[in-house]
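Asker: There's a structure below that I have some questions on.
The values are calculated or read from the model by the stated rules, or taken from the named source; none is laboratory data. Note that the coordinates shown come from a computational prediction; the quantities given were computed from them, not determined experimentally. When we count neighbours, we look across all protein chains shown, and the Cβ atoms used for this are built from the backbone with ideal geometry, even at glycine. For the accessible areas, the whole protein counts, side chains as well, though only heavy atoms, and no ligand, DNA or RNA atoms are used. Shrake-Rupley method; radii C 1.70, N 1.55, O 1.52, S 1.80 Å.
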Amino acid sequence: MFSRFCGKKLIATKTLSHETPQKKRLSMQTLEALIASNKESFVKHFGSQPLFVTQAPGRINIIGEHTDYNQGLSMPCAINRWVTVSMAASAGKQVKVISTDFKGTMTFTLGETYEPKNSWEKYIYGCILLFNQTKPLSSGFNAVISGNVPIGSGVSSSAALEVAFMNALNHFSNAGLDNLALIKLCQQVEHQYLGVKSGLLDQYASQFSVAGKVMLLDFNTLTHRYINADTHGYVWVLCDTKVKRTLAGSKYSERVEETKRALEILKEKVPSIKGFRDIEEKHIALIEDKNQKKRIKHYVTENKRTEAALVAFENRKMDVLGKLLTASHNSLRYDYEVSCDELDFLVEEALLSNYCIGSRMMGGGFGGCTINLVRKNDVSGFTYHVSKTYKKKFNIDTEINIYQSVNGAGIST
């Protein structure tokens, strides 16, 4: 049974990219089907049933972008795409992990050095080493990883992988680490083994989300509250640029440093400023560096937009929420400078379609996807317009999906 039931089944999906029929079936699988498929793979590779299967979902972020690593506010929820991990003890200290999606296998012995050969292995090896340092593993294990979270689309497949695997290690070793401790370990995987100084947004959403809710996350206090996710006749539609985010890692780290330097300057000039959340709009003018000034302007105004989005949800003001999304994109485009031509075009065409009341880029930027608030009855028209104009402009087939909010990480036995 599920220790946490993962919500409702997929309500609607439109895939407009040139995917194979097999990939389309995988993307539309329910959690139950994914778990069953993962167990079958485990039996096929290891000849016995796994002890359990953990799962962790991808996420969308309604608003509050590039604020989590600076103690800001965000509003994410988990979506009905998951990474699953099955696990059972092995003989001695041997670890064997199979990724069905990447068609790869990593094998090593606990306590011995291993050199990861690719990105997915870096994530898994980092998870194992950091967990073992915190709660030493008493034996080796066999594991199979599979899932249907789109990779490189801005819905955080990497965090889903980390969270699913850390939960598996925690359950396998009976370590008893709490949810916050687990996601902090996941964050350290990004910092120490991928070289990305990320915040906790993605892991937090993957672990703590509740079906039918969005979260208001406060990264200054590491606390959250749940908000009814009803969008009253509108749906969240994601449009994937299909652009590889080649600049995202380097520019992400650059933004982290720029905002950090700006904070230090303000702390020297204004004694009352101790951290990012003490910065007010009136303080922005005190920053002389043009880029630092723009980065802090985005941070301060994005927090205000996130607070305003909470009020819009509570008052059922979807038109206001839509305007906040678009304002967020403009800030990310001009002040934080993490957008790209393809993202900007998708946002502009979404708003020109007359079916959409708000649109913005979502995630790290320089590719990935846009999130759009679209009238439920006009999804087909929206899809046709955006896919046609994007294809004409860039000769790229976008992928357009409707996602549903689900519960966070869980365990099936």
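Asker: If you scan the range 133-147, which residues turn out to be loosely packed, with under 15 Cβ neighbours inside 10 Å and either farther than 18 Å from Phe46 by Cα or basic (Lys, Arg) (or both)?
Answerer: Answer for the range 133-147, where residues must be loosely packed, with under 15 Cβ neighbours inside 10 Å and either farther than 18 Å from Phe46 by Cα or basic (Lys, Arg) (or both): Gln133, Pro136, Ser138.
Asker: Follow-up. Looking only at residues that are of a type in the set (D, E, K, R) and part of a helix (DSSP H, G or I) in the range 182-197, which one is farthest from the chain's Cα centre (by Cα)? Spell out how you get there, then give the answer.
Answerer: First, pick out the residues of the range 182-197 that are of a type in the set (D, E, K, R): 184, 190, 197.
Next, from what is left, pick out any that are part of a helix (DSSP H, G or I): 184, 190.
On the way: Lys184: 15, Glu190: 13 Å.
Across the range 182-197, the extreme among qualifying residues is Lys184.
Asker: OK, next. What do you reckon, is Val163 farther than 29 Å from Thr223 by Cβ and either charged (D, E, K, R) or modelled with pLDDT of 95 or more (or both)?
Answerer: no
Asker: Now for a separate question. Being at positive phi, open to solvent by 30 Å² or more (accessible area, probe 1.4 Å) and free of Cβ contacts under 8 Å to residues at least 40 places away in the same chain: is that true of Asn330 here?
Answerer: no
Asker: Output yes when any residue across the range 150-172 is open to solvent by 20 Å² or more (accessible area, probe 1.4 Å), out of contact with any helix residue (DSSP H, G or I) (no Cβ under 9 Å at 6 or more places or on another chain) and among the β-branched types (Val, Ile, Thr), and no when none is.
Answerer: Within the range 150-172, none of the residues are open to solvent by 20 Å² or more (accessible area, probe 1.4 Å), out of contact with any helix residue (DSSP H, G or I) (no Cβ under 9 Å at 6 or more places or on another chain) and among the β-branched types (Val, Ile, Thr).
Asker: Could you check the range 401-411 and list, in sequence order, the residues that are hydrophobic (A, V, I, L, M, F, W, C) and either over 20 Å from Ile63 (Cβ atoms) or open to solvent by 30 Å² or more (accessible area, probe 1.4 Å) (or both)? Outline the logic, then answer.
Answerer: Going residue by residue through the range 401-411, those that are hydrophobic (A, V, I, L, M, F, W, C) are 402, 406, 409, 411.
Correct list: Ala409, Ile411.
Asker: Right, Gln49: surrounded by fewer than 16 Cβ atoms within 10 Å (Cβ to Cβ) and either closer than 30 Å to Asn303 by Cα or modelled with pLDDT of 95 or more (or both) or not?
Answerer: yes
Asker: Do we have Ala309 as in a helix (DSSP H, G or I) and under 18 Å from Leu332 (Cα atoms) here? Before you say what the answer is, go through the steps one by one.
Answerer: Values: in a helix (DSSP H, G or I): yes; under 18 Å from Leu332 (Cα atoms): yes.
So Ala309 fits the description; yes.
Asker: Inspect the range 24-38 for any residue being among the polar types (S, T, N, Q), in contact with a strand residue (DSSP E or B) (Cβ under 8 Å, 6 or more places away or on another chain) and at pLDDT 95 or above and give the result as yes or no.
Answerer: The answer is yes; a qualifying residue exists.
Asker: Also: Scan the range 145-160 for residues that are part of a helix (DSSP H, G or I) and more than 15 Å from Gln55 (Cα to Cα) and jot them down.
Answerer: none
Asker: Being modelled with pLDDT of 90 or more, open to solvent by 30 Å² or more (accessible area, probe 1.4 Å) and part of a helix (DSSP H, G or I) is the filter; apply it to the range 208-256 and report the residue that is nearest to Val374 (Cα to Cα).
Answerer: Out of the qualifying residues, it is Phe208.
Asker: Here is a follow-up. Can you find, within the range 104-144, the residue that is nearest to Leu161 (Cα to Cα) among those that are among the basic types (Lys, Arg) and assigned to a loop (DSSP other than H, G, I, E, B)?
Answerer: Lys117
Asker: Taking Thr306, is it polar (S, T, N, Q), surrounded by 20 or more Cβ atoms within 10 Å (Cβ to Cβ) and on the phi < 0 side of the Ramachandran plot?
Answerer: yes
Asker: May I ask you to say which residue of Ser328, Ser359 is outside any helix (DSSP H, G or I) and under 20 Å from the mean Cα position of the chain (by Cα)? Lay out the reasoning, then the answer.
Answerer: Details: Ser328 fails: outside any helix (DSSP H, G or I).
The unique qualifying residue is Ser359.
Asker: Could you grab me the full set of residues in the range 188-207 that are buried (at least 24 other Cβ atoms within 10 Å of the Cβ) and within 14 Å of Gly126 (Cα to Cα)?
Answerer: Val189
Asker: Can you tell me which residue within the range 99-129, out of those that are open to solvent by less than 10 Å² (accessible area, probe 1.4 Å) and among the aliphatic types (A, V, I, L, M), is farthest from the chain's Cα centre (by Cα)?
Answerer: Step one: of the range 99-129, the residues open to solvent by less than 10 Å² (accessible area, probe 1.4 Å) are 99, 106, 121, 124, 126-128.
Remaining after also requiring among the aliphatic types (A, V, I, L, M): 106, 124, 128.
Numbers: Met106: 25, Ile124: 17, Ile128: 21 Å.
This residue is Met106.
Asker: Let me ask something additional. Go through (1) assigned to a helix (DSSP H, G or I); (2) polar (S, T, N, Q); (3) open to solvent by 30 Å² or more (accessible area, probe 1.4 Å) one by one and return the number of the condition Asn354 breaks.
Answerer: Going through (1) assigned to a helix (DSSP H, G or I); (2) polar (S, T, N, Q); (3) open to solvent by 30 Å² or more (accessible area, probe 1.4 Å) one by one, Asn354 breaks only (1).
Asker: Go over the candidates Ser146, Ser153 one by one and state the one that is within 18 Å of the chain's Cα centre (by Cα) and at pLDDT below 95.
Answerer: Exactly one of Ser146, Ser153 is within 18 Å of the chain's Cα centre (by Cα) and at pLDDT below 95, namely Ser153.
Asker: Any idea which of (1) under 30 Å from Thr398 (Cα atoms); (2) open to solvent by 10 Å² or more (accessible area, probe 1.4 Å) is the one Tyr299 doesn't satisfy?
Answerer: Single failed check for Tyr299: (2).
Asker: As an exercise: evaluate Gly176 against (1) buried (at least 18 other Cβ atoms within 10 Å of the Cβ); (2) outside any strand (DSSP E or B); (3) touching a helix residue (DSSP H, G or I) at 6+ places or on another chain (Cβ under 8 Å); (4) modelled with pLDDT of 95 or more and give the number of the one condition it does not meet.
Answerer: Exception for Gly176: condition (1).
Asker: Sort out which residues of the range 371-390 are under 17 Å from Asp319 (Cβ atoms) and open to solvent by less than 50 Å² (accessible area, probe 1.4 Å), and write them in order of number.
Answerer: Scanning the range 371-390 gives Ile371, Asn372, Leu373, Val374, Asp378, Phe382.
Asker: Could you list, ordered by first residue, the pairs with Cβ atoms under 8 Å in which the first is in the range 102-113 and over 14 Å from Ser146 (Cα atoms) and of a type outside the set (Val, Ile, Thr) and the second is open to solvent by 60 Å² or more (accessible area, probe 1.4 Å) and not in a strand (DSSP E or B), at least 6 apart or interchain?
Answerer: Close Cβ pairs satisfying both conditions: Met106/Lys117; Leu110/Lys93; Gly111/Lys93.
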